[in-house]
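Shown next, in structure tokens, is the structure this report addresses.
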Amino acid sequence: MSTPSSTVSKVFIAFQDNEESRPVIDAILADNPAAVAVHSPGLVKIDAPGRLSILRASIEEQTGRPFDLQQIHVNLVTLSGHVDEDDEQLTLSWKY
């Protein structure tokens, strides 16, 4: 039987599967080695144990142009976890 201290809850974020989302998804997967992308028709859900970070700089590397993190909300479908957000990063985690 597992106890709360030994169980790591997953966080997730899901985006529409389109051209605008692909560099965001690629950046998230590059920055979060434990993250796993699950593709469904029209949707990409990214699961990660405990914490998931989205870094503006990494998305800019993927796109080759400036990126405002608020732009991810256009293609965002859903997310799960506590959100900590500023101009440089968006982090999902479960705080106990």
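The values are calculated or read from the model by the stated rules, or taken from the named source; none is laboratory data. Nothing here was measured: the structure is a model prediction, and the numbers come from that model. Positions of Cβ are generated from backbone atoms using ideal geometry, with glycine treated the same way; all protein chains shown enter the neighbour counts. In case anyone asks, the SASA skips ligands and DNA or RNA and just uses the protein heavy atoms, side chains included. Shrake-Rupley method; radii C 1.70, N 1.55, O 1.52, S 1.80 Å.
A compact table of results
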{"read-out": "Checklist (1) touching a residue at least 60 places away in the same chain (Cβ under 8 Å); (2) over 21 Å from Lys10 (Cβ atoms) applied to Leu92, failing item", "value": "(2)"}
{"read-out": "Meets criteria (assigned to a loop (DSSP other than H, G, I, E, B), open to solvent by less than 70 Å² (accessible area, probe 1.4 Å) and free of Cβ contacts under 8 Å to residues at least 40 places away in the same chain) for Ala34", "value": "yes"}
{"read-out": "Residue match in the range 16-29 (condition: out of contact with any helix residue (DSSP H, G or I) (no Cβ under 9 Å at 6 or more places or on another chain), basic (Lys, Arg) and surrounded by 12 or more Cβ atoms within 10 Å (Cβ to Cβ))", "value": "no"}
{"read-out": "Failed criterion for Ser58 (all others in (1) assigned to a loop (DSSP other than H, G, I, E, B); (2) crowded, with 16+ Cβ neighbours inside 10 Å hold)", "value": "(1)"}
{"read-out": "Matching residues in the range 37-55 - criterion: being part of a strand (DSSP E or B) and open to solvent by 20 Å² or more (accessible area, probe 1.4 Å)", "value": "Ala37, Val38, His39, Ser40, Leu43, Lys45, Asp47, Pro49, Arg51, Ser53, Leu55"}
{"read-out": "Filter result for Val74 (outside any helix (DSSP H, G or I), modelled with pLDDT of 95 or more and open to solvent by 50 Å² or more (accessible area, probe 1.4 Å))", "value": "no"}
{"read-out": "Search result, residues across the range 78-96 that are open to solvent by 80 Å² or more (accessible area, probe 1.4 Å) and either of a type in the set (A, V, I, L, M) or out of contact with any strand residue (DSSP E or B) (no Cβ under 8 Å at 6 or more places or on another chain) (or both)", "value": "Asp87, Tyr96"}
